[in-house]
Amino acid sequence: MARASSGLQYPERFYAAASYVGFDGSSPTKSLTSKFPQSTALLLYSLYQQASVGPCNITEPSTWKIVEHGKWASWNQLGNMSSTEAMRLFVKILEEEDPGWYSRLSNSVVEPVVDVQMNHNSKVEPVIENGNSYPETKTISISTQNGSEVGTQDKDTVVEGFGSVEVYDQWIAPPVSGGSPKARYEHGAAVVQDKLYIYGGNHNGRYLNDLHVLDLRSWTWSKIEAKTGVESPTTSIPCAGHSLIPWGNKLLSIAGHTKDPSESIQVKVFDLQMATWSTPKIFGKAPVSRGGQSVNLVGKTLVIFGGQDAKRTLLNDLHILDLETMTWDEIDAVGVPPSPRSDHTAAVHVERYLLIFGGGSHATCYNDLHVLDLQTMEWSRPMQLGEIPTPRAGHAGVTVGENWFIVGGGDNKSGVSETIVLNMSTLAWSVVTSVQGRVPVASEGLSLVVSSYDGEDVLVSFGGYNGRYNNEVYVLKPSHKSTLQSKIIENSIPDSVSAIPNVTNVESEFEAGHDSNPPKSKGDIVSVLKAEKEELESSLIKEKHHALQLKQDLAEAESCNSDLYKELQSVRGQLASEQSRCFKLEVEVAELGQKLQTIGTLQKELELLQRQKAASEQAALNAKQRQSSGGVWGWLAGTPPPIQNADDA
């Protein structure tokens, strides 16, 4: 998935990358071969031709011209790839091969800042948002870790202490201490007992494997040094695009891109008490290795969807991992699934519905919403209320009750500035807040978790990439209004919808009465309408009570179905264990059969030896008898009998 723009948008960013590589009218081939391996240089050349000229329509060179024919073949293989996609792939490959190219280019070329609104006014005017009054955004300076000033940008109000002011629905930067982790994106994040754990990620194209923890009460960073030894030989592997899931006093690292990818998804477990990594034994067929997938905990089961494998193939498969039996299972859901994608976000509602939003392919970002019923295993595309969010990928999401907060992401042009919320009961979208400028919360590949501070839910974001790698922490307190504003829509719509057929019935009944009876006075008509109105209101109250009862029955049924589903998963796990045990028994039976065959062969050999022994004894007995009978004939012939030894006598 392409990163968000770092100042230059397409196609200007592509032209800057092409100029950096050497496509500036000089000798691009010589420049390419000196900077990159031959295969990469050939691919960059073909993508540049595809983006600037179009599909290859020149005559195939002679095979004797090896260089020209190789360039033609590489260009021709791109087929009808669009110019936009070729530009994006060109920049993406350059960033993977030379992560610091844009920094070096920026040192010699002044970057035009087009997405930052500067505010030099000393007067601070209050602004109204979500019904509350807040100070206007201030212009502050951002410094790098070595203390040098990077520049002046607009950011939301940053306060001295997180608890010093009551600010709702605004991103603020709490004063953190300790050694902050290295700036990164595509890392894993999880909260366990008011502590935020950050593991791995990507920095300048290099995968990380460090583990840091932020105490959300004291806002202090510290690094965790994993213990290794004979009892815990497993070590962490540098990775990015993985998922970090809290499970009791352990952290589960699921999937992710690595330098040397394996064939299947890897699961690593970090014990927070022992500070050790381990690799659990897992049964079943594991999914192909990937990164950029979504992983959600549903009860005691992990649900994994989509992602991108090591060959950059986008996926839309669905798998579950039972954490009790540690058994993989692939799910064949019915309905139309989401298109293959990565860097999307997912949430679970009432332990039954899996919601998938956004994500992207190699050239497109999405803003579609898909819902999977985890009981019927059926995909659907529901109707949504409110303004549909813009396409994005690399965003992060977290649920607070029935509300799903989504932050950041990019659309191949710039970072997304809005923080949005979806009421998962009504499927109504609304905007919580919006930031100005190139702020870390408007980044791609950031992390978002929910925790509690002074008894209130808070959203905590970390890291991300928006032209530079970030390691800042930002916090947002969602107000009751932002959390419940979608409920207002939910409560108003059913009343209006249910009222429509009632009004129609009143009009039809009145017209029918008007045709069959003589005209009535206005007072009589008003009395009739009032009586019918009271009757309808009474009926409406009864219907509401009935609807409430149906909701309660539905909740009980869902709870029962949830229990049955858990039992089913347990039975599946037991079945997998029994299958594994049966397989082991089959192996043992086969080994015993081989032993029995060996015993049969030995018995036959023994019988043969016994027969040979019997034959030898019979032959010796016959020879002895012949010797005894031969003595009489020797006496008749005058031959003296043999002299017996003293021992024989």
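Read-outs throughout are calculated quantities, based only on the coordinates presented, and are distinct from any laboratory measurement. Model, not experiment: these values are computed from the prediction. So basically every Cβ, Gly included, is an ideal-geometry build from the backbone, and we count neighbours across all protein chains shown.
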| Under a plain spin-label model, where a point goes 7 Å from the Cα along Cα-to-Cβ, how far apart in nm are Ser218 and Ser434? | 4.1
| remark: Taking R0 as 22 Å and r as the Cβ-Cβ distance between Leu385 and Ser339, the FRET efficiency 1/(1 + (r/R0)^6), rounded to the nearest 0.05, comes to 0.40
| query | Using the beta-carbon distance between Ala363 and Ser425 and R0 = 30 Å, what value does 1/(1 + (r/R0)^6) give for FRET efficiency, to the nearest 0.05? | reply | 0.30
| query | What is the set of long-range amide H partners of Asp317 at a cut-off below 5 Å, with H atoms built 1.01 Å from backbone N? | reply | Gly306
| note | XL table Lys300/Lys551; Lys223/Lys477; Lys227/Lys268; Lys584/Lys604; Lys300/Lys584; Cα-Cα > 20 Å flagged, in table order, is Lys300/Lys551; Lys223/Lys477; Lys584/Lys604; Lys300/Lys584
| query | Of Lys65/Lys259; Lys92/Lys182; Lys182/Lys413; Lys250/Lys413; Lys92/Lys285; Lys195/Lys413, which ones are farther than 30 Å apart at the Cα? | reply | Lys65/Lys259; Lys250/Lys413; Lys92/Lys285; Lys195/Lys413
| Rh by Kirkwood over Cα pairs, then Stokes-Einstein D for region 12-108 at 0.890 mPa s and 25 °C, µm²/s | 178
| message | At 0.36 nm per residue, and after removing the present C-alpha to C-alpha distance, how many nm does the segment from Met274 to Glu96 gain when stretched out fully? | response | 60.5 nm
| said: Checking the a/c ratio against 1.5 first, then a/b against b/c, what shape does the Cα gyration tensor give for region 241-370? | reply: prolate
| How much length is gained if the chain between Lys281 and Ser559 is pulled fully straight, taking 0.36 nm per residue apart and subtracting their Cα-Cα distance, in nm to one decimal? | 96.9 nm
| What FRET efficiency do you get for Val587 and Lys195 if R0 is 41 Å and r is their Cβ-Cβ distance, rounded to the nearest 0.05? | 0.35
| query | What length, rounded to one decimal in nm, is gained on full extension from Val400 through to Ser62, with 0.36 nm per residue of separation minus their alpha-carbon distance? | reply | 115.2 nm
| Reciprocal mean inverse distance between Cα atoms of region 547-613 - Kirkwood radius, Å | 17.0
| Rg/Rh ratio calculated on Cα atoms of region 341-401 (Kirkwood radius) | 0.97
| Relative to the Cα centre, what is the charge dipole magnitude of region 518-605, using +1 at the beta carbon of each Lys and Arg, -1 at the beta carbon of each Asp and Glu, and rounding to the nearest 20 debye? | 180
